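To start, the structure itself, in structure tokens.
The values are calculated or read from the model by the stated rules, or taken from the named source; none is laboratory data. Since we're looking at a predicted model, the values are computed, not measured. In case anyone asks, the SASA skips ligands and DNA or RNA and just uses the protein heavy atoms, side chains included. Shrake-Rupley method; radii C 1.70, N 1.55, O 1.52, S 1.80 Å.
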Amino acid sequence: MINHRGLRHLALNVADVERARDFYARVFGMRVVWQPDPDNAYLSSGCDNLALHRQTTALSAGAAAGNGQRLDHLGFIVPTIADVESGFQWASANHLEIVHPLKHHRDGSVSFYLRDPDGNVIQLLYEPAISPQKLTS
């Protein structure tokens, strides 16, 4: 087994780095920690890292040729069920595209899914086993 501290980094190919950067800052409060050039930006919420890279080829063509990668979704864990519910209300009020509405699942988790400007699906999730955990450095 590989020793690790959890999934804390994700890299996305996006059509417009500035638009994606502004979306993740506005919707999830992420801040830019480094932007070496207009084609790349690195954001953080304090305990993770999101890399945004300008997409250089058509993703669907690359994926079909075996050169691309498709992402099903990325997720943001929240500490409480109330945080998911208020996040859903906020996303709806701000006219974000809701992919799957708020749902309480049988395992005690609660989530909804929305879409970013590049079509990436994002899950906002309360997961009873990990949401209450406090991250330490």
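Do the sum for the chain: with -39,500 (n - 2.57) for every DSSP H run of n ≥ 4, divided by all residues, what is the mean residue ellipticity at 222 nm, to the nearest 500 deg cm²/dmol?
Value at 222 nm, helices only: -6500 deg cm²/dmol.
How much of His105 can a 1.4 Å solvent probe reach, expressed as accessible area in Å² and rounded to 10?
About 60 Å², ignoring ligands and nucleic acids.
Please report the accessible area of Asp37 (heavy atoms, 1.4 Å probe, ligands and nucleic acids excluded) in Å², nearest 10.
60
Where does helix 81-93 land angle-wise versus the long Cα axis of the chain, in degrees 0 to 90, nearest 10?
Helix 81-93 sits at roughly 50 degrees to that axis.
Taking N as the number of residues in the chain, what is its alpha-carbon radius of gyration divided by 2.2 N^0.38 Å?
1.10
Using only the heavy atoms of the protein chains and a 1.4 Å probe, how would Phe76, Phe23 rank by accessible area, largest first?
Descending accessible area places them as Phe76, Phe23.
Taking 0.36 nm per intervening residue step and subtracting the Cα-Cα distance, what contour gain separates Leu10 from Ala25 on full extension?
3.9 nm
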